[in-house]
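Inspection log for the structure reproduced underneath, given as structure tokens.
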Amino acid sequence: MGKKSIKENKNIFQISREALGLTREKASELLVTISADRIEKIENEKSEPHPDEVLRMAECYKNPKMCNYFCARRCPIGQEYVPEIEIKDLSQITLEMLATLNSINRDKERLIEITVDGQITEDEYVDFVNIQEKLEQISITVESLQFWMEQAIANENIDKNKLDAVRKKLQA
């Protein structure tokens, strides 16, 4: 049996593994393609995980947030284009979404005025940037809802098979 880590600054990979009470050896058995030595190097930040390793760990450790963390903080492309998303309560996500949608609904006429001629003039920049930021907030809130759902599936609070069946039915 492995010894318990007393390291203070643990990364998400180690925290997620330990939250399930897994030793590196046991985690390696579950992960199949990642050795205990490799897990140690990733957790001690001596080696960067590969995207496929992060996907596998996120699934096995039941922590879908790990993928967003990796993309937003570790991947050079993701650092440029992927915002880090917080997992929040469903009620908080819903209220944020509704507030932002209500706000953007008031701005849609202005967005039409700004973009109708295909150009953004000097007096339109401030309004355009404000609207763009609200749209980005909607995108982030949608991602937060997606992470909430993925976490609920990982925790078995939502039945993935039922979700998939409903999606299939709606697409037909």
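The values are calculated or read from the model by the stated rules, or taken from the named source; none is laboratory data. Computed from a predicted model, the values in this text were never measured in an experiment. FYI the Cβ positions are ideal-geometry reconstructions off the backbone, even for glycines, and counts take in every protein chain you see. Accessible surface areas use protein heavy atoms only, side chains included; no ligands, DNA or RNA. Shrake-Rupley method; radii C 1.70, N 1.55, O 1.52, S 1.80 Å.
How big is the gap, in Å, between the Cα center of the range 116-138 and the Cα center of the range 15-57?
44 Å
When averaged across all projection directions, what area in nm² does the alpha-carbon convex hull of the range 47-119 cover?
So the mean shadow area of the Cα hull is 7.5 nm².
Relative contact order for the chain: what percent, with Cα pairs under 8 Å and sequence separation of 6 or more?
18 percent.
Consider the candidate values (1) 0.97; (2) 1.34; (3) 1.50; state which one is Cα Rg over 2.2 N^0.38 Å computed from the structure displayed.
Answer by label: (2).
Going by accessible area, probe 1.4 Å, with all protein chains left in place, what is the ranking of 39, 104, largest first?
Values: 39 0, 104 25 Å².
So, going from the largest accessible area down, we get 104, 39.
Once the other residues with Cβ under 15 Å from the Cβ of residue 31 are scored (Lys, Arg +1; Asp, Glu -1), what is the net sum?
Summing Lys/Arg as +1 and Asp/Glu as -1 gives -2.
Enter the accessible area of residue 159 (Å², nearest 10), with the probe set to 1.4 Å and all protein chains included.
70 Å²
Using 0.36 nm per residue, how much length does the chain from residue 153 to residue 102 gain when fully extended, once their Cα-Cα distance is taken away?
Gain on stretching residue 153 to residue 102: 15.4 nm.
So which trypsin sites (Lys or Arg not before Pro) in the range 18-48 are both in a DSSP loop and have at most 12 other Cβ atoms within 10 Å of their Cβ?
46
Taking the full set of protein chains and a 1.4 angstrom probe, give the accessible area of residue 127 in square angstrom, rounded to the nearest 10.
Approximately 60 Å² of residue 127 is accessible to the 1.4 Å probe.
Give or take rounding to whole Å, what are the principal axis extents of the alpha carbon atoms in the range 1-93, in descending order?
Over the range 1-93, Cα extents along the principal axes are 40, 31, 26 Å.
Expressed as a whole percentage, what fraction of the accessible surface of the chain belongs to carbon and sulfur atoms when a 1.4 Å probe is rolled over the protein heavy atoms?
So the carbon and sulfur contribution to the accessible surface is 54 percent.
Please compute the net charge surrounding residue 69, taking Lys and Arg as +1 and Asp and Glu as -1 over other residues with Cβ under 12 Å from its Cβ.
With Lys, Arg at +1 and Asp, Glu at -1, the neighbours total +1.
May I ask you to give the solvent-accessible area per residue for the chain, in square angstrom, as obtained with a 1.4 angstrom probe?
Ligands and nucleic acids excluded, the figure is 69 Å² per residue.
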